[in-house]
Amino acid sequence: MKEEQNNRKSSYKSLGKRGEDIAEKILLSKGYQIVKRNFQFGKGEIDIIAKDGDCLVFVEVKSRKNYDFGEPEYSITKSKQRQLKKLAEAYFYVNGISEQLCRFDVITIVGEKEDDMKINHIENAFY
């Protein structure tokens, strides 16, 4: 039982890491500059922080194998949005940034094979 749980956790982590790698490639192909991956503060984490021109972009990446649990973007609840906003504020604080245009993007990836993946980049996903 414990081994099965560990295997499941490991599978989710590798799916998440792969999703972040794919998201990074997408952002780079659109001309974004990657500033930081996996910024952690307290118990929270921002998957990718990037620059899009003069704008600092905080990117949440959601990866799923299929749609069994619905569209991945719907898992970003109001509570998760508040957490991401607090983490962005922490990033500004830690880095001594006071004036900076920013936004929150979401990249969703559904599928296991790169050929069949459905990828959606939602700019300005929430405020």
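For the reader, a short list of remarks on this structure follows.
- For the chain, relative contact order (Cα pairs under 8 Å, six or more residues apart, normalised by length) works out to 21 percent.
- Computed from Cα atoms, the angle from the helix 78-94 axis to the main principal axis of the chain rounds to 50 degrees.
- In plain terms, if you count all Cα to Cα distances in segment 2-126 and split them into 10 Å steps from zero, the share in each step is 12, 43, 34, 10, 1 percent.
- Computed [θ] at 222 nm, deg cm²/dmol, the chain (DSSP H ≥ 4; -39,500 (n - 2.57); rounded to nearest 500): -12500 deg cm²/dmol
- Order of Phe39, Phe69, Phe92 under a 10 Å beta carbon neighbour criterion, fewest first: Phe69, Phe92, Phe39
- Compared with the dominant Cα axis of the chain, that is its longest principal axis, helix 2-29 is turned about 50°.
- Mean-square fluctuations from a GNM of the chain, with a 10 angstrom spring cutoff on Cα atoms, peak among Lys30, Lys86, Lys17 at Lys30.
Just so you know, all these numbers are worked out from the coordinates, no wet-lab data involved. As the structure is a prediction and not an experimental result, all values here were calculated from the model. Cβ coordinates were reconstructed from backbone atoms using ideal geometry, including for glycine residues, and neighbour counts include every protein chain displayed.
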